[in-house]
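Undergrad: Here it is: the structure, laid out below.
A short reminder: the numbers here are calculations on the coordinates, not readings from a lab. Quantities reported herein were computed from a predicted structural model and do not represent experimental measurements. Positions of Cβ are backbone-derived with ideal geometry, glycine not excepted, and every protein chain shown enters the neighbour counts.
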2 protein chains.
Amino acid sequence: MPHKLIKIKRVEDRGPTRPVMIAIAGDSAAGKTTLTAGLVTALGPERVTAICVDDYHRYDRVERRAQPFTALHPACNYVEIMEQHLQLLATGQPILKPVYDHGSGRLVRPELVEPREFVLVEGLLPLHTKLSRACFDLSIYLEPPEEIRHGWKVARDTEKRGYRPEAVLRELEAREPESAAYIRPQSALADVVVRFAPIAGRDDPPGTPLSAELVLRPSVQHPDLSRVLDNVERHAIHLKLTRDADGRPVDTLHVHGHARRDESSEVKKAIWAQLGMAAGDPPSTLGTFGAGQHSEPLAITQLLLLYHMLDATAEARMSS
Amino acid sequence: MPHKLIKIKRVEDRGPTRPVMIAIAGDSAAGKTTLTAGLVTALGPERVTAICVDDYHRYDRVERRAQPFTALHPACNYVEIMEQHLQLLATGQPILKPVYDHGSGRLVRPELVEPREFVLVEGLLPLHTKLSRACFDLSIYLEPPEEIRHGWKVARDTEKRGYRPEAVLRELEAREPESAAYIRPQSALADVVVRFAPIAGRDDPPGTPLSAELVLRPSVQHPDLSRVLDNVERHAIHLKLTRDADGRPVDTLHVHGHARRDESSEVKKAIWAQLGMAAGDPPSTLGTFGAGQHSEPLAITQLLLLYHMLDATAEARMSS
């Protein structure tokens with residue numbers, strides 16, 4: 001486990017230590033919690049503070065019915081307080097975080113949150129403002145194709161939250177204009193955009209994991225994968241130098257759902273080695289989801305994020 | 001009304017305007033709310049944000065029963081969050097303040113608080129830490145004799161909060177060690193200590209208001225009352241140069257409950273004139289309490305605090 005390998009000494013007598021701040025943004029049911037859970041397991045829960053900024057609702061469920069917008073709208077959230085709390089966490093200070101109870105739809109007693117070594121912030125709008133974005137060392141936007149996300153949302157909200165499928169579909173329709181206006185624009189503002197989807201035109205057997213396409217923007221220094229991936233002809237995992245939607249250069253990493261473990265394992269070791277941890281193997285728990293299922297595209301995605309989290313800690317150590 | 005006389009221009013384009021911060025500390029039922037209410041009326045509610053820091057309870061009523069201390073103990077409160085929120089308000093920023101429901105004894109949904117021109121902070125422990133004290137332009141500690149405070153607490157808790165007198169007396173007894181350890185030491189840290197009490201040895205008719213003794217510490221510049229009060233022999237209102245409990249020099253202002261309105265009126269005008277407001281009269285609402293009762297000692301106390309609040313605003317205006 002990496003938390004056995006890397007021991008970061010906390011410099012208590014210099015005031016609060018600044019944690020590594022990671023944003024995981026995306027629309028409802030885009031896979032934020034699955035991605036986060038794997039990172040928490042890999043790092044060890046005692047090193048990670050994970051919060052959801054959807055708790056910063058201004059109105060409860062009953063009050064929202066009287067409002068001309070859905071929970072996605074920034075006006076429906078205490079965005080200014082969210083910014084303030086992210087700044088406090090980023091500077092190592094505790095917050096008294098509001099709590100929204102998804103079961104009852106009510107705002108309840110707030111809870112004390114103290115930043116550990118890593119703070120994972122997931123939610124609908126963590127990248128909505130410039131001030132909130134400035135709090136993060138790395139930001140990720142999860143962008144599955146809409147039809148896949150809709151399927152995930154119907155499955156989750158009917159199974160875990162007790163809604164009927166028609167109600168979930170109606171809600172998705174009601175939210176669509178605000179998704180387009182406020183949630184999806186965050187995709188252009190993240191350091192990494194992750195898209196889990198099947199590969200068009202392939203006839204993979206049932207149970208094949210979704211493939212991952214990762215847009216690695218040059219806003220941060222990513223691990224250098226070109227040496228591993230450029231020299232060989234690879235079908236299942238490849239890195240492409242491409243152009244972003246706005247024309248700026250980006251790397252795009254493709255990890256196919258049918259990637260063989262030995263091939264993906266080589267990529268994982270290459271990422272891991274660049275952290276100066278060639279001795280150990282990357283955490284074996286990466287890529288786990290649902291009830292014991294495994295996905296190499298998810299594993300590589302999580303490992304890339306883990307790389308950034310550990311790399312940011314190492315940097316903080318060197319500059320302190 | 002003074003808010004018609006003094007118009008403070010808020011400098012919106014320089015970032016948040018810093019409010020004038022006033023602490024009103026004291027034990028349970030020491031008269032904090034009565035004093036605060038009069039100041040809010042005099043200034044106009046639209047200019048004042050009034051909060052109670054007893055909302056920063058760490059435990060609800062049921063959880064407290066399992067704790068080895070009462071609600072007075074700093075460990076029973078989120079003192080660090082209280083400090084943080086006071087700093088935010090002092091720098092003109094909003095907070096999402098926790099809310100303790102005295103009726104149900106439960107911690108409920110937090111509320112957005114935005115600082116207006118004046119922020120009045122009352123509670124049990126606003127002066128408990130150095131960092132919290134640093135947030136205030138003026139701090140007041142209310143210190144009625146314990147037997148009077150006990151009477152006030154029994155009256156209030158039985159009439160307004162539905163307790164039986166025995167329960168209130170038991171609670172007072174349980175709280176006494178923590179009152180002594182954490183609440184009363186704040187008296188030595190305030191700029192002004194106010195003591196409402198009858199004058200020993202006098203046989204005033206029933207209904208005579210309590211007298212006020214105000215310790216005016218040189219930690220802030222008080223209005224110069226020496227010219228008004230030194231030259232004449234006064235029985236009902238007098239200023240004494242004395243020594244504080246620790247030997248440091250202080251002024252002590254005595255306002256007797258039987259002070260005549262004309263005598264007290266002269267003192268009020270002198271204070272008011274020093275604010276450069278000789279033209280108008282001090283607010284006529286000062287000194288009101290309970291169901292339409294009036295107390296000149298309370299009026300002069302409130303006017304002195306009002307002096308400091310308006311004076312701090314004027315200073316802020318000049319230095320901006």
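Undergrad: When only Cα pairs under 8 Å and 6 or more residues apart are kept, what is the percent relative contact order across region A:117-269?
TA: Value for region A:117-269: 20 percent.
Undergrad: Report the label-to-label distance for A:Ala245 and A:His294 in nanometres (one decimal), using points 7 Å from each Cα along the Cα→Cβ vector.
TA: 3.5 nm
Undergrad: Could you state the number of Å between the C-alpha centres of region A:208-257 and region A:27-84?
TA: Cα centroid to Cα centroid, the span is 29 Å.
Undergrad: OK, next. Can you compute the modelled spin-label distance between A:Leu131 and A:Asp224, with each label point 7 Å from Cα toward Cβ, in nm?
TA: About 4.0 nm, to one decimal.
Undergrad: With charges only on Cβ, +1 for K and R and -1 for D and E, what is the dipole size of the protein assembly as shown about its Cα centre, in debye, rounded to 20?
TA: So the dipole magnitude of the protein assembly as shown works out to roughly 20 debye.
Undergrad: What is the Cα radius of gyration of region A:139-287 over 2.2 N^0.38 Å, N being its residue count?
TA: Computed over Cα atoms of region A:139-287, the ratio equals 1.22.
Undergrad: Right, next: Tell me, what is the percent relative contact order of region A:2-314, built from C-alpha pairs under 8 Å that lie six or more residues apart?
TA: Once normalised by length, the contact order is 19 percent.
Undergrad: Measuring label to label, 7 Å along Cα→Cβ, what does B:Gly280 give against each other copy in nm, shortest first?
TA: 6.8
Undergrad: Just to confirm a number: summing +1 for Lys and Arg and -1 for Asp and Glu over residues other than A:Gly257 whose beta-carbon lies under 14 angstrom from that of A:Gly257, what do you get?
TA: Overall, the nearby charge balance is -1.
Undergrad: Placing unit charges on C-beta atoms (Lys and Arg positive, Asp and Glu negative, everything else neutral), compute the dipole magnitude of chain A about its Cα centre in debye, rounded to 20.
TA: The calculated dipole for chain A is roughly 500 debye.
Undergrad: Can you tally the net charge around A:Asp281? Count Lys and Arg as +1, Asp and Glu as -1, for every other residue whose Cβ sits under 9 Å from the Cβ of A:Asp281.
TA: Summing Lys/Arg as +1 and Asp/Glu as -1 gives +2.
Undergrad: Rounded to the nearest 20 debye, what is the charge dipole size of region B:15-138 about its Cα centre when +1 sits on each Lys and Arg Cβ and -1 on each Asp and Glu Cβ?
TA: 160 debye
Undergrad: When DSSP beta bridges are limited to those with both residues in chain B, what percentage is antiparallel, rounded to the nearest 5?
TA: So the antiparallel bridges in chain B amount to around 55 percent.
Undergrad: Where does region B:28-146 land on Rg(C-alpha)/(2.2 N^0.38 Å)?
TA: 1.06
Undergrad: Subtract the Cα-Cα distance of A:Ser284 and A:Glu159 from 0.36 nm times their separation in residues, and report this length gain in nm to one decimal.
TA: Fully extending the segment from A:Ser284 to A:Glu159 adds 42.1 nm.
Undergrad: Another question, if that's okay. Scan chain B and note any complete DSSP helix (H) whose C-alpha atoms cover at least 15 Å along its axis and whose Kyte-Doolittle average is 0.0 or more.
TA: B:32-43, B:79-90, B:296-319
Undergrad: In Å, the Kirkwood hydrodynamic radius of region B:221-270 over pairs of distinct alpha carbons?
TA: 11.7 Å
Undergrad: Follow-up question, since we're still on this one. With the convex hull built on the Cα atoms of the protein assembly as shown, state its orientation-averaged projected area in nm².
TA: Averaging across all directions leaves 35.5 nm² for the Cα convex hull.
Undergrad: How big is the Kirkwood radius of region A:247-295, worked out from every pair of different alpha carbons and given in Å to one decimal?
TA: Over region A:247-295, the inverse of the mean reciprocal pair distance is 12.8 Å.
Undergrad: Using the charge dipole of region B:15-138 (Lys, Arg: +1 at Cβ; Asp, Glu: -1 at Cβ; taken about the Cα centre), state which of B:Ala90, B:Leu125, B:Thr70 has its Cα farthest towards the positive end.
TA: B:Thr70
Undergrad: Here is a further query. Where Rh is the Kirkwood radius over the Cα pairs of chain B, the temperature 25 °C and the viscosity 0.890 mPa s, what D in µm²/s does Stokes-Einstein return?
TA: It diffuses with D of about 119 µm²/s by this estimate.
Undergrad: With Cβ to Cβ distances under 11 Å as the rule, what net charge do the other residues near A:Met82 carry (K, R +1; D, E -1)?
TA: -2
Undergrad: Looking down the axis that turns B into A, which residue of B has the closest beta carbon, and how many Å out?
TA: In residue-and-Å form, the answer is B:Pro110, 2.
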